[in-house]
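Worksheet: the structure to be examined is printed underneath.
Just so it is clear, none of the values below were taken in a lab; they were calculated from the coordinates. Model, not experiment: these values are computed from the prediction. Cβ sites come from the backbone with ideal geometry, for glycine too, and all protein chains shown count toward neighbours.
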Amino acid sequence: MLRAPAPRVTNLALLAVLALAFATGIGAVAAGAPGGRWTVLAHGIVGMAVIVLVPWKSLVIRRGLRRSRRTRWLSLLLAVLVVTTLLTGIAYTTGLVRSVAGILVMWLHIAGALALLPLVVWHVLARRVRPRRADLSRRALVRGGVFAAVAAGLYGSQAAAVSLAGLPGAGRRFTGSYAAGSFNPAAMPSYSWLDDTTPAIDPRDWRLAVVAGGTRRELTLGDLDAAAVRTVRATLDCTSGWYAEQDWAGVPVRALLPDPGSARSLLVRSRTGYWVRFPIRDLDHLLLATGVGGVPLRPGHGYPARLVAPGRRGFWWVKWVDHLELTDTPWWWQPPFPLT
Ligand SMILES: Nc1nc2c(c(=O)[nH]1)N[C@H]1C(S)=C(S)[C@@H](COP(=O)(O)O)O[C@H]1N2
Ligand SMILES: [Mo]
């Protein structure tokens, strides 16, 4: 094992590594196209870096506890959350445990990370460590490099061990997700981003509003079925850690909005109020699906119409779509993730 660094170095390193863990974790949740694989890989390596720091940080914690501060329990709660987040991360990547008490470990991993965020901020402010110029010396950078290499090596060994042992974690997609119900829509899970529930939709009074250039059209389900239907093979990949590849049938969004003019984004809204905004360059890749695997969508999967957004993560695949609108608003003018 490497020699234990000075406590302030351990603390600063841990802070830097936790900040990287958050950044790469958010990137991993957003990743939908193969280019995102590097973020997911980096997140795994950063997780290993946290583990490397655990023994050294334990020494620092043991010293700190002797001081019996009143806020001690908050610090301990933070430590417990970090360990929980690490353990759920390991459970997920190995596939040894996929859920606890019916809750997917990926949710627990994300919940742990979100819960520890305010505690980290408090801890940094309450136990301030002042960085020094020497922290960026050549020697410090070399040590940092060795440390990063050790973390990367551990990550590689871990991945090799998972694959040699034939653990379920070996067969995951580049996003880290597990296969679930590919080409078998009936076996595909159904999920909401946060709290949406399946609305009761009567196909006879369902209408799709298509708004562009100051005009608004309303299409019925019959209109959609009468349009030129196309089939697109695409993978739905949910942030909670599963994916399914399916043949989706529906109308290309471009066929509904042939002339985007100078519009900058496409707003896609669900009957439930859930919405996302796409860059206009996505227009040619989006499908408004009414069927999957040769059958109509099930209510839980977005009946009567849901968006298929190849190369984007599941939360972009709006279900129960009833509104498409071209707007002049830039696509990035929205929360980074849906709020409902
Ligand atoms: N209206 C609406 N659409 C939604 C969501 C939602 O909560 N509300 N969740 C998204 C998320 S996070 C995923 S992974 C997929 C899940 O689709 P499925 O239920 O068909 O598997 O739907 C997406 N579309
Ligand atoms: Mo999702």
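In nm, to one decimal, how far is the modelled label at Ala4 from the one at Ala19, with both set 7 Å along Cα→Cβ?
2.5
Per residue of the stretch 275-286, in order, report the coupling 6.51 cos²θ - 1.76 cosθ + 1.60 (Karplus, θ = phi - 60°) as ³J(HN,Hα) in whole Hz, putting x for Gly and Pro.
The phi angles translate into 8, 9, 10, 9, x, 5, 5, 7, 3, 6, 9, 8 Hz.
Please list, in chain and number order, the residues 5+ apart from Asp322 or on another chain whose amide H is under 5 Å from its amide H, with Hs placed from the backbone.
For Asp322, whose amide H was placed from the backbone, the distant partners under 5 Å are Arg269, Ser270, Arg271.
Taking square-rooted eigenvalues a ≥ b ≥ c of the alpha carbon gyration tensor, is the chain rounded, prolate or oblate, where a/c under 1.5 means rounded and, failing that, a/b exceeding b/c means prolate?
prolate
Dimensions of the stretch 7-176 along principal axes (Cα, Å, largest first)?
Result for the stretch 7-176: principal-axis Cα extents of 46, 42, 28 Å.
Taking a point 7 angstrom from the Cα of Val211 along the C-beta vector, which residues in the stretch 296-331 have backbone N less than 16 Å away?
321-331
Provide the packing ranking of 17-23, 211-217, i.e. peptides ordered by the mean count of other C-beta atoms within 10 Å per residue, highest first.
17-23, 211-217
Run the helix sum for the chain: -39,500 (n - 2.57) per DSSP H stretch of 4+ residues, divided by residue count, reported at 222 nm to the nearest 500 deg cm²/dmol.
Using -39500 (n - 2.57) per qualifying helix, the result is -13500 deg cm²/dmol.
If I take R0 = 30 Å and measure r between the Cβ atoms of Ala255 and Leu167 in this structure, what FRET efficiency does the formula 1/(1 + (r/R0)^6) give, to the nearest 0.05?
Values: r = 45 Å, r/R0 = 1.49.
The calculated FRET efficiency here is 0.10.
Could you tell me what % of all Cα pairs in the stretch 241-340 have separations over 18 Å? Before the final figure, lay out each step's value.
On the way: 2170 of 4950 pairs.
Summing the P(r) of the stretch 241-340 above 18 Å gives 44 percent of all pairs.
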